[in-house]
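What follows is calculated from the coordinates using simple rules that are stated; it is not laboratory data. Treat the numbers as computed from the prediction; the structure is a model and nothing was measured. Glycine also receives a Cβ, built like all others from the backbone with ideal geometry; neighbour counts cover every protein chain displayed.
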Amino acid sequence: MSAATNVIQKIAVLGAGNIGCAMVGGILNGGVAGPGQIVATTKTPEKAGAVARRYGIRVLPGGNLEAVEGADVVMLAVKPASVPHVLDEIRWGLRDDRVLVSLAAAFPIALIERILGRSAPVFRAMPNIPVVVEEGATAVAHNRFATPEQIAAVERIFRAVGVVRFVDEEQMHAVTALSGSGPAYIYMVIEAMIAGGLKMGLSHEVATRLAEQTVLGAAKLVRETGLHPAILKDQVITPGGVTISAIHELEKHGLRSMLISAVETATRHSRHMAEKLAGQWEPTE
């Protein structure tokens, strides 16, 4: 049994929404933990029943404090604005050695530490929506109290739903802009490609299947060959051909520049959100 496995005996997922449920599914499918080792929370009894039936786990409507009792890993899968309230609710039920993993965008580790009011291993993770199909991209940062065994355990959890990389916390703003928001950019590209196919007379079914597979296949080539995207792009281009005429049109309208600017703008917004969150919260006794 690995050190990471020893750390993970019980996992509490606070907030069984889209990302929370995706994490539960990945943890189960990846063999990280069994149904009896996972407890989740929801806002309503109706949602609790649906999640329990789907995954075969224990789900508590609104029972965050009860859920963290005995948990080795606590995942905060709630909206950033809800994090202070949830932390205030559970902080007295957390052992000092319990791993806390926040999935809330732009919510800094230092603010979590302030709310908890004591030293504890805290991780900040930014998964993206493809974790739902176990093809996510997750970046993780942690504070100085995390042990090597706890770091390995958190890595194992996120490997179950895709690719995981560890970064310095300051880079999490850029991560949020690139991979956190990135699926939305790609969906726009796919949507536009489908529209182009429709304009040129393809059926909706044909245009959709070809566009989605083109993006999937292109990404797979980048991953499996290790080649720079520019090299792969040039392999598609022939002198005087169809592709170079399309590339010229994309360059003329600034596709690359727009995507770069989108990541830059989203990074700034993430930093602004973090500053706003820090300014809004005042500790309670």
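3J(HN,Hα) along the stretch 55-65, derived from phi through the Karplus expression 6.51 cos²θ - 1.76 cosθ + 1.60 where θ = phi - 60°, amounts to 10, x, 10, 7, 10, 10, x, x, x, 5, 5 Hz, with x in place of Gly and Pro. Cβ crowding within 10 Å, taken as a proxy for footprinting-reagent exposure, orders Thr208, Thr238, Thr176 from fewest neighbours to most as Thr238, Thr208, Thr176. Taking every Cα-Cα distance in the chain and sorting them into 10 Å bins from zero, the calculated P(r) comes out as 6, 25, 31, 20, 12, 5, 1, 0 percent.
Taking the helices alone, the chain has a mean residue ellipticity at 222 nm of -16000 deg cm²/dmol, built from -39,500 (n - 2.57) per DSSP H run of at least 4 residues and averaged over all its residues. Between Arg268 and Thr243, residue separation times 0.36 nm minus the direct Cα-Cα distance comes to 5.6 nm.
For the stretch 6-172, take N as its residue count and report Rg(C-alpha) divided by 2.2 N^0.38 Å.
Rounded to two decimals, the normalised Rg is 0.92.
Spin-label model, Glu275 to Ser82: label points 7 Å out along the Cα-to-beta-carbon direction sit 2.8 nm apart. DSSP assigns beta bridges within the chain; of those with both partners inside it, close to 15 percent run antiparallel. Lysine pairs in the chain whose alpha-carbon atoms fall under 17 angstrom of each other, counting only those eight or more residues apart or on distinct chains, come to 5. Here the simple spin-label model places points 7 Å from the Cα toward Cβ, and for Ala218 and Glu134 these points are separated by 2.7 nm.
Modelled spin labels at Ala192 and Glu69, positioned 7 Å past Cα toward Cβ, are 5.4 nm from each other. With a Förster radius of 22 Å applied to the C-beta separation of Gln171 and Arg144, the computed FRET efficiency comes to 0.85.
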